[in-house]
Structure formats: C-alpha cells, structure tokens
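A.B. asks: Please read through the structure below; I'll follow up with questions.
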C-alpha cells in the first residue's frame, strides 16, 4: 500500500517513527563515543543554547544523494548537521550544529545545502546566526561538491558581515578550509581540550617541517586565545561556553538596523566614583589595573571582555551604562605600560568596527605612552597595523567619547579616538598629560645643546624638564586650546559619560557615497 493509500493514523505513526530516528542520531554506540570524549550531543548543545522548547528544526529528514565509496548504504537523516531557529532571551536566533556522530560531522553537498539555507534565512530575517562547530572538514567521498559547499558558506559569511551578528562556537576539531568560516565571523568561542582549529594538522606539520606537536599545542583553545588571537573566548566546558554565548547575545542587536537591547538599570546614574581619585597614580611611571576603572564607571561593575588573554595591553569590552550597551576600548598600564603594538592595534580595530556596524557607542579610556618601539615591530608592519585602528575610528559613525586619564603621547594619542579624528566628545582628568612625548624625552631633544653645555648637565636637564612640563604638559593646556571639551573630576566620570551618551543617542552621520572603503591590511 502506498503512502497515499495509508490511513491517516498509520501515516502519522510512520512519520513519528522516522522523526524519532532522525532525532536519536545514528546509534547508541556513536553517542557513547561522543560522550567518552567529554562532549555533549548536538541536540543537547542546541537545548543549552536556546530558550527551552523554542527550537524549530529545518530539514530534519534530509539525506545525501551521493553514491560510491559505500555512501549509498549509509544515508542517515539530517546528513550530519542540525539546522533551524529558536530564541535566546525571547529573541530569534538561527543556528546550525554539526553532528560528529554522522560522518564525523564532515560537510557534503546536502549538508552544505542545509547550512546555506539557514544562513540565507538568518540574513533575510535579520537575526543572529550561531554555528556549533564539531566537524572533520570536507567529506572526501563527495569530492569537489563538498569543497563547493564551503565556498557557499564563506560567501554568505561575508555577505552577512556587519548585517547580522555571527558567532562561531568551536566544540570539536576544525581543520583545513573549514577554519575560514569561523575566522570570517564576529566572535569565536572555544572549549579547552576538546576543540581545535588549524589549517594543517600535526601530521602534515611534522612531514613538512619536522616539528612535532599535539593537536592542542598546534590549535587548541589556549593557543588561539593567547597567541594567535583567533579565539575571542575560551572556557573549560561546553555548558559554561554556551551560557556565555547566550550572555553575549543579550548585549547585541538583532541586526545592523536595530540598537542593542536596553534594560532597566538599578545602578544610579549619578553614583560617585570616589575610589577613582586614588586608583590612578599621578606618577606616570606607576602601574594600575584599568579594569578597576572600568568596574567603577559601568553598571554594577559588570562587563564582558573580548580577547581577554590576547594583546592584553589593550582592553576591549562590552558593557552597559544606565542600561544601554556600550563598547569600551581602554589602555591597560599593567601590560607593556599600555603602549600600542601590532596585536593591540589589530584587536582594537576589529572591535571598533564591530561596534560601529551594530550601533554600539564607543567609550575610549586613554593612558597610552605611545607605540611600542623596536625592530620587530617596525619590520612586522606597526605602521600598517596601527593604521587599521586609526581607520576604524575615523570610519566609525556611532557616538564616540574619549577620556584621557593620564598619559596620551604622540601618534598613539591621535589614533586612540582623539578629537582630531572625530571623537564627538573628549574629556580629561586633571592628571592628564597630552603631549608629543614624555617630558624627559622632549627636553632631551629640544634642549640637547643647552644640557650638553651646562656645568651640571643633570641639574640642567631636571630644570628644563620641569619647564617643559609646566608650559606644555600641564593638565589644562589641551583644554585651553579646545582639544578636550572639559577637564572633569574623576569621581564624576560615570555621570558625565552617561549624560553625554544620552545626548548623542540620536546622532546621525552622513558618509560620502562609495562602494566600500579600502582599509589597511
């Protein structure tokens, strides 16, 4: 009897059986193997990511149509990837998740088609896209069809860039060309010991270079969080990782046409930050933790730091002030004295561009003595990399406020969202030193001859250093020339910033008509 001739209750029963088979996955043995690696199943991951009961699956009964190499005998439902949509904190989110139990999560033609479809729907619906990656790359048995599938993903990643938030969660291996899709997205999350990313694995590395290294040593979470900067967030387990993905989504708009979600703030707008008066030493040679400054000025001291362990001389974080989402870019005097280097410039540029794309105002906290000098930095292209940060700020049209806490020297001062490159408002603490360089270095250049001719060169140097400080580096020099809008009491920083952000909330900036810019690479 054909399906059309079946009684309705029998057809429904058959559908339930097939759906149950698709939901269960390939076999209990495959599930046990997944758990033995310390990994959750694909559906457990989706349940942790999305609000309870909100998931709507797309194409659960899809199967590949490839033949040869034994594939015709293995046609599991879903073809190794679960796709669909649900909600996170009540807002729509699209998701695709590899099922490592089926063909090792490898991408084939049908598998890729499912991903293409869910990406297209996310772009059309204007909702974030989260990928839960646990796959072994292209399905070798399907040849070039699998490779073409990756091309379609990359093209959609690029088309969605700056349009909807894209988040990649690495929950298993990701090798070869498959690593480029996460690299094209806005944020990459990884789990220690179970997730890795690399273009060529340890065996190939050994064969080509003779170097021996483990998978985690080559492309594990800690490597990418601390050394390469590929990973933005690294966690010890999948549950914590997915909880943090949910938290990040709570700070982001659905798309580039919306503002980030606001919440009711319980932290008073005019709360005084008296602790700031003693937190930042007046002596520019003494270090302090900029994170403590951030904690004092944001709502309830809470912020979500991006790339916490990479390029630690610059802090980038998402937070709220009076319930409104704000992006913070801040020097970190505890690392390299807060100087800018190649990695910090790259980190800051990408973060600024993200915030600008998704209507997140920027607050920049400066205590920067300059760019890091050295042959390695110059040969590594510090000019080119520093220009990335400069370009990102100059191109940003969101509200931009900068605060000079202490040092702001040379080109680094200009690059870190100074008034001259378009900051809407610039404030300074009374301990600020805005200058071309520090007084010691400046006096040594300007008064070289006078110091050399003096009977007591060191005494003369000290005298001229004080003269330079008093005439060109006093806290009100920049304010007198209109280069900062006001010198503020540190204790009032939170109140001043919140009032200023409220004024700028309706800011509108027109840019010249162009296809796109050509940022330095």
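A.B. asks: Is the shape of region 127-195 best called rounded, prolate or oblate, per the rule: a/c under 1.5 gives rounded, else a/b larger than b/c gives prolate, else oblate, with a ≥ b ≥ c the square roots of the Cα gyration tensor eigenvalues?
C.D. replies: Values: a/c = 2.59, a/b = 1.13, b/c = 2.28.
Judged from the Cα gyration tensor, region 127-195 comes out oblate (a/c at least 1.5, b/c at or above a/b).
A.B. asks: Given the peptides 332-340, 12-20, arrange them by the average over their residues of other C-beta atoms within 10 Å, most packed first.
C.D. replies: Descending packing order for the listed peptides: 332-340, 12-20.
A.B. asks: Test of understanding: ordering 498, 513 by Cβ neighbours within 10 Å, fewest first, what list do you get?
C.D. replies: So the ranking, lowest neighbour count to highest, is 513, 498.
A.B. asks: Can you tell me what percent of all Cα-Cα pairs in region 3-250 are more than 35 Å apart?
C.D. replies: On the way: 3898 of 30628 pairs.
Percentage above 35 Å: 13.
A.B. asks: Also: Give the shape of region 39-158 as rounded, prolate or oblate, defined through the alpha-carbon gyration tensor: a ≥ b ≥ c are the square roots of its eigenvalues, a/c under 1.5 means rounded, and otherwise the shape is prolate if a/b is larger than b/c and oblate if not.
C.D. replies: Prolate, because a/c is 1.5 or more and a/b exceeds b/c.
A.B. asks: Show me 46-54, 293-301 ranked by packing, highest mean number of other Cβ atoms within 10 Å first.
C.D. replies: 293-301, 46-54
A.B. asks: How big is the Cα convex hull of region 259-358 in projection, averaged over all directions, in nm²?
C.D. replies: 6.8 nm²
A.B. asks: Would you please put 380-391, 396-407 in order of how densely packed they are, using the mean number of other Cβ atoms within 10 angstrom per residue and starting with the highest?
C.D. replies: The peptides rank, most packed first, as 396-407, 380-391.
A.B. asks: Given contacts defined as C-alpha pairs under 8 Å and at least six residues apart, what's the relative contact order of the chain, whole-number percent?
C.D. replies: 9 percent
A.B. asks: Suppose we keep just the DSSP beta bridges with both residues in the chain; what percent of those would be antiparallel, to 5? Intermediate results must be reported in sequence, preceding the final value.
C.D. replies: On the way: 24 of 64 bridges.
Percentage antiparallel, nearest 5: 40.
A.B. asks: Which label belongs to the value computed from this structure, given these candidates for Rg and Dmax of the Cα atoms in Å: (1) 27.1, 112; (2) 26.1, 96; (3) 22.7, 73?
C.D. replies: Computed from these coordinates, Rg and Dmax of the Cα atoms in Å corresponds to label (1).
A.B. asks: In degrees between 0 and 90, to the nearest 10, how far off the longest principal axis of the chain does helix 238-250 point, with axes built from Cα atoms?
C.D. replies: 60 degrees
A.B. asks: Over region 227-328, what is the mean sequence separation of C-alpha contacts under 8 Å (at least six apart), divided by residue count, expressed as relative contact order in percent?
C.D. replies: Result for region 227-328 is 29 percent.
A.B. asks: Additional query: Could you give the angle, 0 to 90 degrees to the nearest 10, between helix 493-504's Cα long axis and the longest principal axis of the Cα atoms of the chain?
C.D. replies: The helix 493-504 is inclined about 70 degrees to the chain.
A.B. asks: What is the angle, in °, between the Cα long axis of helix 457-472 and the longest principal axis of the Cα atoms in the chain? Nearest 10 is fine, range 0 to 90.
C.D. replies: 70 degrees
A.B. asks: Taking the number of other C-beta atoms within 10 Å as the exposure measure, put 189, 55, 354 in order starting with the fewest.
C.D. replies: Going from least to most buried by this count: 55, 354, 189.
A.B. asks: In percent, how large is the relative contact order of region 285-336, given Cα pairs closer than 8 Å and 6 or more residues apart?
C.D. replies: In percent, rounded to a whole number, it is 37.
A.B. asks: May I pose another question? Per-residue ellipticity at 222 nm for the chain, helices alone: DSSP H runs ≥ 4 residues times -39500 (n - 2.57), over residue total, nearest 500 deg cm²/dmol?
C.D. replies: That comes out to -11000 deg cm²/dmol.
A.B. asks: Let a ≥ b ≥ c be the square roots of the eigenvalues of the Cα gyration tensor of region 378-431; is it rounded (a/c under 1.5), or, if not, prolate (a/b larger than b/c) or oblate?
C.D. replies: oblate
A.B. asks: Let me ask something additional. For a label point 7 Å from the Cα of residue 309 along Cα→C-beta, name the residues of region 220-242 whose backbone N is under 14 Å from it.
C.D. replies: 220-237, 241
Just so you know, all these numbers are worked out from the coordinates, no wet-lab data involved. All of these numbers come straight from a predicted model, not from anything done at the bench. Heads up, the Cβs are rebuilt from the backbone with ideal geometry, glycines too, and the neighbour counts pull from every protein chain shown.
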